[in-house]
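The values are calculated or read from the model by the stated rules, or taken from the named source; none is laboratory data. Everything numeric here is computed off the predicted structure, so don't read it as measured data. Methodologically, a virtual Cβ is constructed for each residue, glycine included, from the backbone with ideal geometry; neighbour enumeration extends over all protein chains shown. Calculation scope for accessible area: heavy atoms of the full protein, side chains included, ligands and nucleic acids excluded. Shrake-Rupley method; radii C 1.70, N 1.55, O 1.52, S 1.80 Å.
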Amino acid sequence: MAFKGLTRRQFAGLTGWSALGLSALSAASGRAEAAAASGFPSGFLWGTATSAYQIEGAVNEDGRGASIWDRFAHTPGTISDRSNADTATDHFHLYREDVQLMKALGAKAYRFSIAWPRIFPEGAGAPNPKGLDFYNRLVDELLANGIEPFATLYHWDLPQALQDRFGGWTSRDTSKAFADYSAYVAKYLSDRVKYFFTINECSRLVHLGHKYGADAPGLKLPPSGLNQVRHNVALGHGLAVQAVRAHGRAGTRVGPAENAVSCIPAIETPENIRAAEIATRELNAGYLTVMLEGKYTEAFLAQAGKDAPKYTEEDLRIISSPIDFVGLNIYTPDHYVIAAGNERGFTLAPFPASFPHMKASWLRPGPEAMYWVPRHVAKLWNVKSIYITENGTSGSDQPAADGTVYDVDRIMYLRNYLTQLQRATSEGVPVLGYFLWSLIDNFEWSDGYEQRFGIYRVDFDTKRRTPKLSAAFYRETIARNAVV
Ligand code: NOJ
């Protein structure tokens, strides 16, 4: 690959960044001025994020078993461009080059996910040592380049065998199998991986996968089934926390990576802020609230009624096993909230039809989410360590005549969100790091390759990676530790 071992100067030369005057912006004096106005705490951890199925490819190599996403993507009518991730970005073979892309940004951390069916092709039973070998190689390469690995244990690629045998997350047998797999990974990787995320976006996997059928496994369950899936997923999280603690080396840290329903005060008055806090707690009742409080809220149980999940008190203790941090994926504001004298204590303002969106129509920019969500989480549950585990946007990303992708829409988006993140950290909200989604363009689930989220463009035919202008923006942000 063309990008191996690039020096900073070579990297800049690729897109003519020097010609754009970007190197001058990095001058020490400029950096100091910017940091004063818009700096992040020293030691703030800048990284990028990806997930296994979206980038790895090599679905039949080294003994990997099938996942529910292999099955789903190969089912006609599921993926908008009729693609699949059999090859994806070929990261499985190009991981060394991808680590160099991170290094060229100056990133100090990388959030990736481990494909469960590479480790246990049948979901449980005999492990596949060759599957683990890939992650051994990746982790060693990261560490050799000064990049801290953060591993997500589950980013939606459930072994198909567990779907066939137990009905996947409809059964708590899957929660238990997840704990066994997590124990195995923690045992063999925690000599080098110190940070583990349990489940990526419980709420999306429950809703899109099991209510609307838009994600694998493509189910459309009635309320009782859906509530049970939600509980089993939360239980899987808690069991995995316990497994990582029991089998990881001393000092291994673990927590969720959740796309919390984000509730923003429509106008920043004390009443509306309080209403947004109440909404945050209620609308995340089946996820962060039960994980951090060890109980379902009364309103959640009342609303579920006869369709409430079946569970024991012991389940609740497991789900609320102590965690070391909360990871938050932040994209759109789900609700603007106003205080109101109703029973719930909050009212959701409907989105007007004129609300803008990025290339993906679901991606409404709401930079204030980056301030309010971590602030609510820290205040409501006294959380002391938070990571922003994802934030980013897709764009049309067409190369200009000179070959460069001038993705100024992504830069605008990132700058606005990072400004709000800086507002949070400067007020003492304990956010320790930020993982930009995504390092490279990849397979965007049911949108196939039509939504590009990378700060490096991938030519999906040749697999060649090219930095977009936003990669230069992010490199400058990292170098200055400040909003550029
Ligand atoms: C969140 C998911 O974790 C990730 O897999 C996805 O690509 C991004 N959102 C963008 O939709």
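A few notes on this one:
- Each residue, Arg96 and Leu432, gets one label point 7 Å from its Cα in the Cβ direction; the gap between the two is 3.2 nm.
- Whole-percent carbon and sulfur share, accessible surface of the chain, 1.4 Å: 53
- Note on Arg249 and Glu314: their simple-model spin labels are 3.3 nm apart, each label 7 Å out from Cα toward Cβ.
- In a reduced charge model with +1 at each Lys and Arg Cβ and -1 at each Asp and Glu Cβ, the range 24-170 shows a dipole moment near 280 debye about its Cα centre.
- For Asn259, the shell of other residues with beta-carbons less than 10 Å away shows a net charge of -3, using +1 for Lys and Arg and -1 for Asp and Glu.
- Taking 0.36 nm per residue of sequence separation and removing the Cα-Cα distance, the Arg364/Lys379 pair yields an extension gain of 2.9 nm.
- Cα shape, the range 32-480, gyration tensor, a/c 1.5 rule: rounded
- For the chain, adding -39500 (n - 2.57) for each run of n ≥ 4 DSSP H residues and dividing by the number of residues yields -12500 deg cm²/dmol at 222 nm.
- Annotation: peptides 202-211, 333-342, 174-183, ranked by per-residue average of other Cβ atoms within 10 Å with the highest first, follow the order 174-183, 202-211, 333-342.
- When peptides 121-127, 139-145 are ranked by their average number of other Cβ atoms within 10 Å per residue, the highest-first order is 121-127, 139-145.
- Cross-link reach list, lysines versus Lys310, counting only Cα pairs under 25 Å and skipping chain neighbours closer than eight places: Lys176, Lys211, Lys220, Lys295
- Among beta bridges that DSSP assigns inside the chain, antiparallel share in %, nearest 5: 20
- Net lengthening on full extension, Ala302/Lys220 (0.36 nm per residue, minus Cα-Cα): 27.3 nm
- Modelled FRET efficiency - R0 30 Å, His357 with Gln398, Cβ distances, 0.05 increments: 0.95
- Using only side-chain charges placed at the Cβ, +1 for Lys and Arg and -1 for Asp and Glu, the dipole size of the chain relative to its Cα centre rounds to 840 debye.
- Between the range 170-221 and the range 102-149, the alpha-carbon center distance in angstrom: 16
- The order of the peptides 51-58, 445-452 by mean Cβ neighbours within 10 Å, most packed first, is 51-58, 445-452.
- Restraint check, Lys130/Lys463; Lys108/Lys130; Lys108/Lys194; Lys130/Lys187; Lys103/Lys468, Cα-Cα greater than 19 Å: Lys130/Lys463; Lys108/Lys130
- Axial C-alpha extent at least 30 Å, average Kyte-Doolittle at least -1.0 - helices from the chain (DSSP): 223-247
- Å² of accessible area per residue within the range 32-480, as computed with a 1.4 Å probe and no ligands counted: 36
- With the simple model of a label 7 Å out from the Cα in the direction of the Cβ, Glu61 to Val408 spans 4.0 nm.
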